[in-house]
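Below is one structure, written out as structure tokens, with a few remarks after it.
The values are calculated or read from the model by the stated rules, or taken from the named source; none is laboratory data. The structure displayed is predicted, hence computed values, not measured ones. FYI the Cβ positions are ideal-geometry reconstructions off the backbone, even for glycines, and counts take in every protein chain you see. Areas reflect the complete protein model, heavy atoms only, side chains present, ligands, DNA and RNA absent. Shrake-Rupley method; radii C 1.70, N 1.55, O 1.52, S 1.80 Å.
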Amino acid sequence: MPAGHDDHARMPFQLAFPKDALPEIVVPDAIPNDERLWVPQAENVWFRPLCLNRSQGYWMNLLKVRKSGVVSRHRHPQAVHGLVLKGRWHYLEHDWVATEGAYVFEPPGETHTLVVPDDVEEMITYFQVNGIMYYVDPWGKNLGFEDVFTKIDMCRAHFEAVGLGSDYVGRFIR
Ligand code: FE
């Protein structure tokens, strides 16, 4: 509707939301000040959960990798979206570099190993990961996997260990 022709332009939606709709998630400090919110994933690698979507099988998280950290070689059966918030990284399997401010789409079938160059102190990237991360050796032999449920379990154990309580993860689960 053209501007000026809607007398109710600033009137909120007047009806109830669907009764089965899930509550929204609002995380004011997405890049947290409290270091306890970073869940350790590997040496020099952490993730900060934002939405652990068990009903659709994906997770939204910030991935943090410090100098010399590596996210082990893995295959994606579903798409991944990434937005680099800080620092820079690349995959051993590609010749492009993801720099601060870059958006990355990783199509299904990608198998890659994420590394941070030695001259970058820290990188933080916002990732949507769908389905699973299927960890493999250089020839594709499976070494394990992660999905939204293993991520939830990791959060639960970590939040308990750092004193936030295992139920703290609930605010990120939908
Ligand atoms: Fe990946």
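For this structure, a couple of remarks:
- Residues in the stretch 159-172 that are open to solvent by less than 30 Å² (accessible area, probe 1.4 Å) and assigned to a helix (DSSP H, G or I) were compared, and the one that is farthest from residue 24 (Cα to Cα) is 159.
- Condition check for residue 62 on (1) free of Cβ contacts under 8 Å to residues at least 60 places away in the same chain; (2) touching a Ser or Thr at 6+ places or on another chain (Cβ under 9 Å); (3) not polar (S, T, N, Q): one failure, at (1).
- Condition met for residue 153 (of a type outside the set (S, T, N, Q), free of Cβ contacts under 8 Å to residues at least 24 places away in the same chain and within 15 Å of residue 50 (Cα to Cα)): yes
- Verdict on residue 148 being closer than 18 Å to residue 41 by Cβ, away from the ligand (no atom under 11 Å from the Cβ) and in contact with a Ser or Thr (Cβ under 8 Å, 6 or more places away or on another chain): no
- Contacts under 7 angstrom Cβ, first residue in the stretch 92-118 being near the ligand (Cβ under 10 Å from one of its atoms), partner open to solvent by 60 Å² or more (accessible area, probe 1.4 Å) and among the acidic types (Asp, Glu), 6 or more apart: 111/93; 112/93; 113/93
- Considered as a group, the residues in the stretch 116-158 that are assigned to a loop (DSSP other than H, G, I, E, B) and among the acidic types (Asp, Glu) include one that is least open to solvent (accessible area, probe 1.4 Å), and that residue is 137.
- Of the residues examined, residue 85 is not one that is touching a residue at least 24 places away in the same chain (Cβ under 8 Å), surrounded by fewer than 19 Cβ atoms within 10 Å (Cβ to Cβ) and over 16 Å from the mean Cα position of the chain (by Cα).
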